[in-house]
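Report on the structure given below.
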Amino acid sequence: MESLLKFNNHQSNYMKMTTLLLLITAVLTALIAGLFYAYSCSVVLGLGKLSDTEYLKAMQSINREILNPVFFLSFMGTLILLPVSAFVFRGQPAFIFLLLASLAYLIGVFGVTVAGNVPMNNVLDTFDISGSSAEAVKKMRDSFENRWNLLNTIRTVFSVITIALVISACIWNKEV
């Protein structure tokens, strides 16, 4: 009887830990989805109304400031915790949702960011706005803005898909 109680206690603690892992994964994923969503439906619109010089200076500033520990915690934490959660929930109904969420995030959010947005940000960061002609500034904006916004929209869509899948995993996990 005592060993059965210990087993039940151990199993209960394990379930609490896996639920906590799933909750933390969901929160970090939601934070990233919210960041990209808010950026897409507000910041992009405001930046679009700026002059070419103001736009490029604002983007340079934003791209520099986002490189901070709080952003990296949620951005990289999601990248790590999604597959860890999928692994922990293997063999359970929530697994497929977490696996799909991991793939959506890896390809559509992290992959697009690393392969698309970051290289564009790096080019923009080295662009000397004040030392460039109005024509060069306009050319830089034209080559940057629409492509960057498209990539950000892709990240936003995949972030929303990712959080929807994580929420599905949470709901499915509770129903079983």
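The values are calculated or read from the model by the stated rules, or taken from the named source; none is laboratory data. Fair warning: this is a prediction, and the values are worked out from it, not measured in the lab. Cβ placement follows ideal geometry from the backbone for every residue including glycine, while neighbour counts extend to all protein chains displayed. Please note that ligands, DNA and RNA were not included when accessible areas were found on the heavy atoms of the full protein model with its side chains. Shrake-Rupley method; radii C 1.70, N 1.55, O 1.52, S 1.80 Å.
Got a number for residues in segment 110-126 being surrounded by fewer than 17 Cβ atoms within 10 Å (Cβ to Cβ) and over 21 Å from the mean Cα position of the chain (by Cα)? Count: 3.
Within this structure, Gly46 passes the test of being open to solvent by less than 50 Å² (accessible area, probe 1.4 Å) and farther than 21 Å from Ala164 by Cα.
Quick test for you: out of Phe7, Phe36, pick the one residue that is modelled with pLDDT of 95 or more and surrounded by 10 or more Cβ atoms within 10 Å (Cβ to Cβ). The unique qualifying residue is Phe36.
Within segment 28-40, residues that are closer than 16 Å to Leu82 by Cβ reach partners that are open to solvent by 30 Å² or more (accessible area, probe 1.4 Å) with beta carbons closer than 6 Å, at six or more positions or on different chains, in the pairs Ala33/Val160.
Among the residues of segment 49-68, what is the count of those that are open to solvent by less than 70 Å² (accessible area, probe 1.4 Å) and free of Cβ contacts under 8 Å to residues at least 60 places away in the same chain?
Residues in segment 49-68 being open to solvent by less than 70 Å² (accessible area, probe 1.4 Å) and free of Cβ contacts under 8 Å to residues at least 60 places away in the same chain: 7 in total.
Within segment 69-109, the residues that satisfy the criterion of being touching a Ser or Thr at 6+ places or on another chain (Cβ under 7 Å) and open to solvent by 20 Å² or more (accessible area, probe 1.4 Å) are Leu81, Pro83, Val88, Phe97.
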